[in-house]
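The values are calculated or read from the model by the stated rules, or taken from the named source; none is laboratory data. From a predicted model like this one, the values you see are computed outputs, not experimental measurements. Cβ atoms come from the backbone with ideal geometry, glycine included; neighbour counts cover every protein chain shown. SASA here: full protein model, heavy atoms, side chains in, ligands and nucleic acids out. Shrake-Rupley method; radii C 1.70, N 1.55, O 1.52, S 1.80 Å.
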Amino acid sequence: MIAAGDGRAPGLLALIAAGLADLRGWRRWLAVLLLGALAAAAQPPVHAVPVLIVSFSGLSILLAGAQTVRRAFADGWLFGAGYFAAGLYWIANAFLVDADRFGWMIPFALAGLSLGLALFTGAAVWIAHRCRCRGVSDGLVLAAAWTACEWLRGVVLTGFPWNPVGNVWVAFEPALQGAAWVGVYGLSAVTVWAAAGFAQLAAPATRASARRW
């Protein structure tokens with residue numbers, strides 16, 4: 001658990017982080033689903049990129065509070081389910097061409113696709129848990145695992161590369177220029193690392209150097 005109180009970390013942030021890390025049962029499921037769905041708002045057409053700070057910092061905090069690799073995988077899977085369900089809403093349009101005949105299939109198609117694709121995000125968080133580090137390295141390991149699994153999602157079984165995190169910069173040309181050097185997956189890695197790194201603001205004072213970073 002991320003320690004709170006007794007002056008070792010910024011009070012409010014530490015309390016929020018501690019409460020989030022300690023969530024159990026349906027409250028944890030709901031929190032991680034909502035964090036994933038919120039992350040989808042960074043994608044077109046909304047372009048609310050700052051929400052990634054909340055989403056990936058929250059995921060990093062939940063990862064720190066996961067006691068088992070099974071819990072870590074479940075957190076990543078549910079985060080991905082929320083992310084894909086919110087970000088791939090447009091697939092419903094195909095079923096609305098003849099809504100009377102196919103409209104009923106929308107929730108099954110969207111849920112099935114989202115839960116299937118979320119296996120990759122679950123694997124990423126599982127890997128990050130297995131390679132657990134401390135301080136700034138937490139976010140770096142999560143970013144590396146996330147990007148590797150994002151790439152796999154784009155090639156496994158013919159691939160489904162929609163909505164990589166690096167795609168959030170499509171409307172911001174200065175940041176988008178980085179793709180010429182590192183590609184969209186490189187942008188994903190940098191973006192997840194930067195966003196998850198904000199979780200260190202709620203870390204104990206023993207990680208003061210991490211907060212300075």
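Which one, 117, 69, 148, is farthest towards the positive end of the dipole of the stretch 9-163 when Lys and Arg carry +1 and Asp and Glu -1 on their Cβ? Projecting each Cα onto the dipole axis, the largest value belongs to 69.
Sorting the segments 42-53, 76-87 by their mean number of nearby beta carbons within 10 angstrom, highest to lowest, gives 76-87, 42-53.
Across the chain, Cα pairs under 8 Å and at least six residues apart give a relative contact order of 25 percent.
Computed over the stretch 83-152, relative contact order equals 28 percent, with contacts defined as Cα pairs under 8 Å that lie 6+ residues apart.
When the square roots of the Cα gyration tensor eigenvalues are ordered a ≥ b ≥ c, the ratio a/c for the chain is 1.5 or more and a/b exceeds b/c, which makes its shape prolate. In whole angstrom, the stretch 113-203 maps to an equivalent ellipsoid with semi-axes of 21, 19, 10, each derived as √(5λ) from the alpha carbon gyration tensor and ordered largest first. For the chain, the solvent-accessible area with a 1.4 angstrom probe is 51 square angstrom per residue.
Its relative contact order, with pairs defined as Cα atoms under 8 Å and 6+ residues apart, puts the stretch 12-72 at 37 percent. Note down the Stokes-Einstein diffusion coefficient of the stretch 1-111 in µm²/s, whole number, using a Kirkwood radius over alpha carbon pairs, 10 °C, and 1.306 mPa s. Here the translational diffusion coefficient equals 103 µm²/s. Would you work out what percent of the accessible area of the chain, with all protein chains in place, is carbon or sulfur (probe 1.4 Å)? Carbon plus sulfur share of accessible area: 71 percent.
Exposed loop trypsin sites (Lys or Arg not before Pro) only (DSSP loop, at most 11 other Cβ atoms within 10 Å): please give the longest stretch of the chain free of them, not including the sites.
Answer from the scan: 25-133.
A helix-only calculation puts the chain at -20500 deg cm²/dmol for mean residue ellipticity at 222 nm, using -39500 (n - 2.57) for each DSSP H run of at least four residues, averaged over all residues.
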